[in-house]
1. Test of understanding: among B:A35, B:A49, which residue is small (G, A, S) and either within 29 Å of B:V460 (Cα to Cα) or assigned to a loop (DSSP other than H, G, I, E, B) (or both)?
2. Any residue at all in segment B:151-170 that's within 14 Å of chain A (Cβ to nearest Cβ) and either over 30 Å from B:Y59 (Cα atoms) or in contact with a Leu (Cβ under 7 Å, 6 or more places away or on another chain) (or both)?
3. In segment B:57-100, which residues are among the hydroxyl-bearing types (S, T, Y) and more than 27 Å from the chain's Cα centre (by Cα)?
4. Only one of these conditions is not met by B:V362: (1) at pLDDT 90 or above; (2) within 14 Å of chain A (Cβ to nearest Cβ); (3) over 25 Å from B:F190 (Cβ atoms). Which number is it?
5. What's the number of the condition B:S58 fails, among (1) buried (at least 17 other Cβ atoms within 10 Å of the Cβ); (2) under 30 Å from B:A188 (Cβ atoms)?
6. Can you name the residue in segment A:170-200 that is part of a loop (DSSP other than H, G, I, E, B) and among the charged types (D, E, K, R) and is also modelled with the highest pLDDT among such residues?
7. Of the numbered conditions (1) touching a Phe, Trp or Tyr at 6+ places or on another chain (Cβ under 6 Å); (2) of a type in the set (A, V, I, L, M, F, W, C); (3) away from chain B (no Cβ under 12 Å); (4) surrounded by fewer than 18 Cβ atoms within 10 Å (Cβ to Cβ), A:L2 fails exactly one; give the number of that condition.
8. Quick one: would you say B:D210 is within 29 Å of A:I7 (Cβ to Cβ) and either within 14 Å of chain A (Cβ to nearest Cβ) or at pLDDT 90 or above (or both)?
Amino acid sequence: MLILIPIIAMLALEFVVPGKKKVCARFFLLVLGGVIFVFLLLRSFLPASLVDPEGEAVLRVQSQVQYLLKHKGWQEHPVIILVGSSATQYGVNGRALEQLLIQEGLPVTVLQFSLSGANHFERLFMLRLFLEEIGAEHREELKKAPTLLLSEVFDAYDESPLYLFKKEAYTRRAITWFEPTQAWASYQAWRASGRDKEISYWTLWEHVLLNRFAVGSFSSLELPKYNKQIEPFFPLTGTKKTFHYNEVEKEFREAGPSPLFQQLYPGWKSYYQALFQEMGGVVTSLGFYALPTLEPQRRAYQDAFAASLPAHTTMLGPASREVMNSLLDEKNWFDGVHPQGQGAVLVTRWLAQEIFEKWSDLIETRWEL
Amino acid sequence: MIFTTIPFFFFLVIVLASYWMLPSDRWRHPFLLFANFFFYGWWDWRFTALLAAIILISYLAGKWIEKAEPGSSCRKYFMMVACTLLLGVLGYFKYTNFFLGSLRGLIEETGGRVAWTTLKIILPAGISFYIFQAISYIVTVYRGKLVAERSIVKLGVYLSFFPHLVAGPIIHAPTFLPQLAQKRFFDAAFFVEGARKFALGFLYKAVFADHLAAVVNPIFSTPSTQTPLTLFGGCLGFYGQIYFDFAGYSLMAIGVANLLGYTLPDNFNFPYRATSLVDFWHRWHISLSTWLRDYLYIPLGGNRCSLPRNYVNIIVTMLLGGLWHGASWNYLLWGGIHGVALCCNHAWKKISQSRPILPKSVAWLLTQAVVFCCWIPFRAATLQDTLLIFQQFGKGFLKLGDLLVNHMPLSPSKMAFPWLLVVLPLFFDMAFNGSQRLREHWRFHSTMMLYGIIAVALLVGLLFMPSGTVNFIYFQF
């Protein structure tokens with residue numbers, strides 16, 4: 001019934017007419033500017049969780065905040081924050097990972113911020129929102145816990161920092177995460193990537209304006225449901241129609257040693273810096289993780305990333321040849337990157353093992369730029 | 001550049017500020033011409049040459065027609081050549097592929113074979129609108145009702161005036177050109193009125209029409225998989241969408257023109273309140289119906305001829321009006337049904353000797369039912385889709401009979417169509433905004449409140465508009 005609001009506005013525009021007071025254009029523009037200014041001011045105080053309560057990123061963050069705060073005594077153990085894209089969303093079950101680590105004697109709380117198609121800056125947006133949502137007091141507790149941030153390595157997002165942005169542009173999702181603070185960092189990363197011909201500068205700045213004016217916030221014409229939550233792990237079932245497992249497996253087996261990348265895609269550096277600026281005050285240690293993949297080119301990038309790992313960081317993966325061989329079964333894969341069914345269980349177990357084995361490195365390496 | 005996008009917002013602010021800061025009309029007219037070309041070139045700069053060519057043809061034709069002796073064959077010749085040239089341009093861009101395709105189909109139907117295929121022709125935005133305006137100028141000069149414009153800049157401003165360049169309203173030369181001759185002063189009341197119209201049009205388009213588009217488009221893209229009830233909902237949705245889309249655009253165009261100090265005539269007058277088809281055409285796309293009347297229906301003989309000839313004139317005018325929208329059998333069908341229905345309306349008027357026989361509500365229902373049915377070929381992608389939808393309606397009607405006889409309840413899933421989204425905005429707009437009596441009775445006078453309402457309405461439009469850009473339906477014409 002929210003449609004009644006624009007209807008009332010429509011009726012008001014017809015039924016209210018100038019009164020005795022002489023019409024003054026300057027005063028009108030002043031009122032117009034004033035209303036816009038007040039709106040923008042109010043907007044700047046509203047967190048994204050209020051402006052777009054049903055946004056995909058927001059729903060995931062809400063679920064993790066609720067999970068953390070319901071977890072009694074979380075302050076007494078380390079907190080692991082996983083941040084990634086579809087590979088994590090479909091491949092890693094955060095809850096199962098937490099249980100596996102506890103079983104191994106590592107009492108931790110795992111928070112998972114994964115969203116399919118989320119580029120570096122949408123992930124940063126989720127992290128920032130998380131810090132906003134938990135409040136200052138809990139932020140301090142996170143620092144003491146300590147907190148480990150594990151960031152997924154995926155070549156497509158490093159190669160093009162605004163990966164999928166063109167496809168998603170002008171959607172509520174893209175408008176929601178494109179906050180002014182994000183804009184500058186993504187602009188720099190996008191320029192550094194050398195792929196700035198793909199999207200116009202104008203489109204980026206346009207999104208900042210769309211974000212500030214909260215365009216389309218009520219476009220569903222339904223009252224938003226606050227505090228709705230979405231779990232960040234989505235198990236996949238079945239195989240993608242266009243995916244031919246046998247061909248991919250053959251290609252994977254035949255692929256020799258990974259062709260080495262001369263250098264990493266430059267896009268990830270700005271993400272790394274932005275990540276430190278945002279999270280450096282809260283997160284004590286940073287690690288990267290590269291999830292198993294059947295695509296040789298992606299694996300090659302993971303190897304290259306591991307070889308040129310930034311100082312004061314730890315790398316989990318890439319999975320060894322033996323691990324990969326144990327995953328070679330059509331039933332485990334939705335496509336070359338995303339596991340399904342039992343595949344996700346195996347990938348989660350593998351990640352738990354990696355964390356357990358490299359725990360001392362992870363916990364002792366203090367993140368510095 | 002679409003009116004509901006950020007680039008247009010910046011363009012408008014810059015144009016308005018610069019325009020009113022310029023010292024006189026001597027500077028404003030060239031500036032406005034530049035702004036018009038910039039606006040048109042934003043879509044595809046290559047077609048600015050076409051626009052310039054149309055302006056040049058009109059300018060030269062106007063001058064030569066005026067120079068020729070009144071009543072001479074030379075004068076008529078110049079007018080005919082210019083109009084043929086303009087219609088030729090329109091025909092090339094708009095109808096070439098339609099005729100090639102139809103001819104090909106006809107030949108192949110009779111067992112022949114042809115080697116040609118259709119051409120790759122991009123339809124320039126708004127070509128039908130500015131060519132009709134150019135014809136309006138040339139014919140008016142030919143009729144001696146307007147002096148040929150001396151300044152190509154002024155003529156250019158008229159033909160390319162950006163608020164109505166790509167989707168109308170079609171402005172007749174005698175309405176606009178004299179305004180360019182008058183000295184322009186900034187009128188605050190007029191400026192605020194322009195902002196009010198713009199805000200109202202913005203709500204129509206960005207909120208009501210675009211939300212309906214999101215519901216209607218999927219239904220019309222797969223009509224064969226829809227239930228009769230959903231198809232009915234889709235058609236009802238389009239009935240509302242096309243009104244809010246086009247009336248919204250027209251209001252925004254008129255509003256922008258007001259902001260620049262110009263007056264454009266109203267293009268819509270609550271057409272869904274019409275109680276006869278004649279009344280409907282006095283309220284719907286008024287600028288097109290007036291153009292068709294002045295430059296087609298009257299030259300054909302209008303109603304100053306025998307009754308059968310009068311009816312033929314009406315049908316021919318409506319068929320060509322349909323074809324103006326686009327080269328397709330669907331538009332011809334739309335024009336044809338309207339033409340025949342208008343003839344029936346005139347015949348009924350003659351029989352009843354203009355005394356209302358039917359109650360107003362029945363007349364309204366009948367009129368709107370015809371209008372509703374006519375929108376189906378207008379929106380459907382193909383003639384086959386149109387027939388399919390009517391066929392489904394027939395099936396649905398039979399089922400409805402079943403339903404009434406057997407007292408079967410309607411399942412909630414079949415009622416899931418957002419009926420209120422269609423009905424509520426239309427109802428409030430037609431019943432309240434469209435009622436002169438209510439507007440006068442409930443009018444609230446407050447200048448300050450009006451300022452605030454305009455600002456808030458614009459923000460409401462932003463908050464409620466679906467993200468993403470939906471084109472104006474009439475851009476394609």
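The values are calculated or read from the model by the stated rules, or taken from the named source; none is laboratory data. Computed from a predicted model, the values in this text were never measured in an experiment. Using ideal geometry, Cβ is built from the backbone for each residue, glycine included, and neighbour counts are taken over all protein chains shown.
1. Answer to the check: B:A35.
2. Here is the first cut: in segment B:151-170, the residues within 14 Å of chain A (Cβ to nearest Cβ) are none.
No: segment B:151-170 contains no residue that is within 14 Å of chain A (Cβ to nearest Cβ) and either over 30 Å from B:Y59 (Cα atoms) or in contact with a Leu (Cβ under 7 Å, 6 or more places away or on another chain) (or both).
3. Selection gives B:S72, B:S73, B:Y77.
4. (2)
5. B:S58 satisfies all of (1) buried (at least 17 other Cβ atoms within 10 Å of the Cβ); (2) under 30 Å from B:A188 (Cβ atoms) except (2).
6. Keep residues of segment A:170-200 that are part of a loop (DSSP other than H, G, I, E, B), which gives A:170-171, A:178-179, A:193-200.
Then keep just the ones that are among the charged types (D, E, K, R); that gives A:179, A:195-198.
Details: A:E179: 88, A:R195: 71, A:D196: 65, A:K197: 70, A:E198: 72.
Once the filter is applied, the top-ranked residue is A:E179.
7. The one condition A:L2 does not meet is (3).
8. Numbers: within 29 Å of A:I7 (Cβ to Cβ): yes; either within 14 Å of chain A (Cβ to nearest Cβ) or at pLDDT 90 or above (or both): yes.
Here the answer is yes, as B:D210 does meet what is asked.
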